[in-house]
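What follows is a short report on a single structure.
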Amino acid sequence: MDESGGRGEPRSGNDESAERHAGAPARAADPTPADEQPTDGRRFTSEQHDDAPEAGPATPPPDGPEADSAADQAPGAAEGDRPSLRKPGPTGDSETGQNAGAAPSPDPGAPDRRQQPSTPDPNSRTEPAAPGTGDRPLAHSADGKGPAPQRPPEPRGGLLMGRPFGVPVYVAPSWFLVAALITWVFGGQLERVLPELGAARYLVSLFFAVAFYASVLVHELAHTVAALRFKLPVRRIQLQFFGGVSEIEKEAETPGREFVLAFVGPLLSLLLAGVFYLAMQIVDPGTVPGVLLAGLMISNLIVAAFNLLPGLPLDGGRMLRAVVWKITGKPMTGTVAAAWVGRALAVCVLIGLPLLTQSGALGSDAVDNVGMDTVLDALLAAILAAIIWTGAGNSLRMARLREHLPELRARALTRRAVPVETHTPLSEALRRANTAGARALVVVDADGKPLSLVREAAIVGVPEHRRPWVAVSGLAQDLTDGMRVSAELSGEELLDALRATPATEYLVVEETGEIYGVLSAADVERAFVKAMARPS
């Protein structure tokens, strides 16, 4: 079931987070322009100490020992991981969506740039002061510089088995439970067919369980190869309870490619069933190889038939989605139709499977009373129905996420910034920011080249009476290449850029390299949450 669905459809992105476009971000951002967001009491303040120097190096107060400087520069914010900006599962059912909100407009006739001059323009528009920082600010280190951004570790999915085609394959812990169940059930069947095996039948059954999941892996690899052929990134393959999952991080660009991507999995299962059938013709059916080949042929036919059911999250559901997408021209319409068919299938499985088994329609003898087999059939039906129902719901949520992703635009979410030199006292820098209507500080050298970003969490942690004696450089985080993002980024590309270099603030630049402003990760996360709350 690839991460698009059943035992073999491209899931795209991580459902686990489902709200991993993207990636999901786990916590997210308010699309309201930064200057329209409410404050929480932790704001930039223009209040300045009476004897604060106007500019130049900060001098400690007469009664303040030098040892206090380190404490001044460490605001005391508890260090915490930056909230995860996860990319949604199948990142991209739709590239459509509406703007998350217009950026604060500058003065009439002036260029729309978030960087403000150090000397305030009396005609410039003043915006509300900065809101509080995110829930988990980046802590300030002893030397005044924040820790270097680290790429988040790649999420694991169990035991790593290898990397075919460069894609990691994991075996989830739930697989061992299923392997034990298959060993027990198939062992009971072998006792009737090959009673001479004795206890060795369980060893043969275990081999069958491994071979069956190898067939499932081939099914998933078919999706993976097709995705790579269409230049769609595949995050991982995971073998788990009731099949496998191929986590394809983006959706196909056209309904035709979507159909092919979904169909290749069941097609490979059918081909494997044909191979096992041909192999059965050259062995004695009453032997261990004959029984194993027959079991593998039947199991692959079941996998193919199950995945061809026309409802999400199964491969057949993705094929149905592609057909509706082609007819209507709207991927979201296809997703909604296939998801509701998937939910109907879940109800049919929950009710119909136990009835079919009890009536003998599936090849077994009809059962008039309730026994252990009936209970097991009902339990199996409930598990399958829950998997299908949950997968269909996740597909709907992921489609809505992908539909709203384009609303996340760096240009609309960027805060205006003022450039300040390294030794500028914090109180003076805040005065300039409030006068200019800016909500961020960029530390620059004598030539105006940006060096670092003053972290909002660090500013909040400095008591007001100490701000004239603390230089902005002590509260800043050095800029790395990954912390410079283009003002033109939006949606999935923006989330990818932020995930690649986790930080609390990013410098937003124009294509010419000119500073546009500062983007706060907390603003992006709030915008994401607000966008997801709106109906499609």
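Computed from label points 7 Å out along Cα-Cβ, the spacing between Lys231 and Thr374 is 5.9 nm. In this view, the solvent-accessible surface of His404, computed with a 1.4 Å probe and all protein chains in place, comes to about 20 Å². Evaluating 6.51 cos²θ - 1.76 cosθ + 1.60 at θ = phi - 60° for every residue in the range 379-394, the Karplus couplings come out as 5, 4, 5, 5, 5, 4, 5, 5, 4, 5, 4, 5, x, 5, x, 5 Hz, glycine and proline recorded as x. Each residue of the range 173-180 is assigned a 3J(HN,Hα), and the resulting list reads x, 5, 4, 5, 5, 5, 4, 5 Hz, derived from the Karplus form 6.51 cos²θ - 1.76 cosθ + 1.60 (θ = phi - 60°), x at Gly and Pro.
Residues His219, His423, ordered by accessible area of protein heavy atoms at a 1.4 angstrom probe radius and largest first, appear as His423, His219. For Trp389, Trp325, the ranking by accessible surface with the largest value first comes to Trp389, Trp325, using a 1.4 Å probe. Once every Cα of the range 440-490 carries one equal point scatterer and solvent is ignored, give the base-10 log of I(q)/I(0) from the Debye formula at q = 0.23, 0.30 Å⁻¹, two decimals. One equal scatterer on each Cα of the range 440-490 leads to -0.91, -1.19. Amide H contacts of Arg409 (H built 1.01 Å from N, in plane; Pro and chain starts excluded): Ala100, Gly491 sit under 5 Å, all sequence-distant by 5 or more or on other chains.
Where only protein heavy atoms count, and the probe is 1.4 Å, what is the accessible area per residue for the range 439-536 in Å²?
34 Å²
Note on Thr328 and Phe207: the extension gain reaches 38.9 nm, defined as 0.36 nm multiplied by sequence separation minus the Cα-Cα distance. Residue-wise HN-Hα couplings along the range 190-204, as the Karplus relation 6.51 cos²θ - 1.76 cosθ + 1.60 with θ = phi - 60° gives them from phi, are 5, 4, 7, 7, 10, x, 5, 5, x, 5, 5, 4, 6, 5, 5 Hz; Gly and Pro carry x.
Once you treat every alpha carbon in the range 413-454 as an equal point and sum by Debye, what is log10 I(q)/I(0) at q = 0.16, 0.18, 0.19 Å⁻¹? Scattering profile of the range 413-454, log10 relative to I(0): -0.35, -0.44, -0.49. Residues Ser359, Ser205, sorted by accessible area with the largest first, give Ser359, Ser205 [1.4 Å probe; ligands and nucleic acids excluded]. Rg and Dmax of the range 300-450, both derived from C-alpha coordinates alone, stand at 28.7, 89 Å. Of the solvent-accessible surface of the range 440-536, computed with a 1.4 Å probe and all protein chains present, 53% belongs to carbon and sulfur. The alpha carbon convex hull volume per residue for the range 214-339 rounds to 99 Å³.
In the context of the full protein assembly, Glu493 retains an accessible surface of approximately 120 Å², using a probe radius of 1.4 Å and ignoring ligands and nucleic acids.
The values are calculated or read from the model by the stated rules, or taken from the named source; none is laboratory data. Keep in mind it's a predicted model, so treat the numbers as computed, not measured. Please note: Cβ atoms are built from the backbone with ideal geometry, for glycine as well, and neighbour counts cover all protein chains shown. Just so you know, the surface numbers come from the protein's heavy atoms only, side chains and all, with ligands and any DNA or RNA stripped out. Shrake-Rupley method; radii C 1.70, N 1.55, O 1.52, S 1.80 Å.
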